[in-house]
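Colleague: Handing you this structure, nothing more for now.
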Amino acid sequence: MNINFNTKQCPACTYMNNITATACTVCGAELPKDATKLDMSVFAEAVKASFRQSLIDKNIMLADELIPEAWIPVEMLYIPCSINGKVLKAFIDTGAQMTIISKKCAEYCGIDNLIDYRVAGKAVGVGEKSIIGKIWCVDIMVGHYALPSCFTVLDSPSLDFIFGLDMLQKHKCGIDFTNACIIIGDCKIPFIGKNDIMDDNDAKHDDPNGDLYD
């Protein structure tokens, strides 16, 4: 950004005129006689903005060189699991304090009769959703492990099942980004690829054994 301090700005059209001009070269409006102090203030802000933008541009170049992944949207982490013999795709979310299941998903799994409606409240994160109850203990089949888990139940059509931090810690689940899998005991469960994630309209399939891995 080239800055010329020997100019002053027209109050009407903002054109930068010579500092000695009394009328705007473009629109003919009268220019302030004592505009030097005002112009210096304007240019000082322009210098700061130019310097800041220069720093940002250099920072972008650094990120482009060292962290090219910053330009690529991160795929969410899902693993296959089953609850009560129903196959699900569990969203692994270490930022979720609680393991969450929707009422619709609980009904699909046939465990909605276990919802304790006495436990209600608000789930606050990105937005706010109503907690309608709790399911205190149901096994999640992951690999060849049955993981006793507690679910917070939300009446939300936008989610099915979130494997939250509480149960991830309880069952000592390890996330292996190098091998793209979650580790539970001696079992490694690969993350499901983006193209494997079902939309709401896709059919869900039953697993009569409730066990996806030998």
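Colleague: I need the peptides 10-22, 138-150 ranked by packing, meaning the mean over residues of other C-beta atoms within 10 angstrom, with the highest value on top.
Modeller: 138-150, 10-22
Colleague: With no solvent and one equal point scatterer per Cα, compute the Debye intensity ratio I(q)/I(0) for the range 132-192 at 0.15, 0.16, 0.18, 0.22 Å⁻¹ and report its log10, rounded to two decimals.
Modeller: -0.51, -0.58, -0.71, -0.97
Colleague: Given R₀ = 25 Å, FRET efficiency for Ala46-Ile67 by Cβ-Cβ distance, to 0.05?
Modeller: Efficiency, rounded to the nearest 0.05: 0.25.
Colleague: Just by accessible area at a 1.4 angstrom probe, what is the order of Leu55, Leu168 from largest to smallest?
Modeller: Ranked list, largest accessible area first: Leu55, Leu168.
The values are calculated or read from the model by the stated rules, or taken from the named source; none is laboratory data. Values in this document were obtained by computation on a predicted structure and should not be read as measured data. FYI the Cβ positions are ideal-geometry reconstructions off the backbone, even for glycines, and counts take in every protein chain you see. The accessibility values were calculated without ligands, DNA or RNA, using every heavy atom of the protein model including side chains. Shrake-Rupley method; radii C 1.70, N 1.55, O 1.52, S 1.80 Å.
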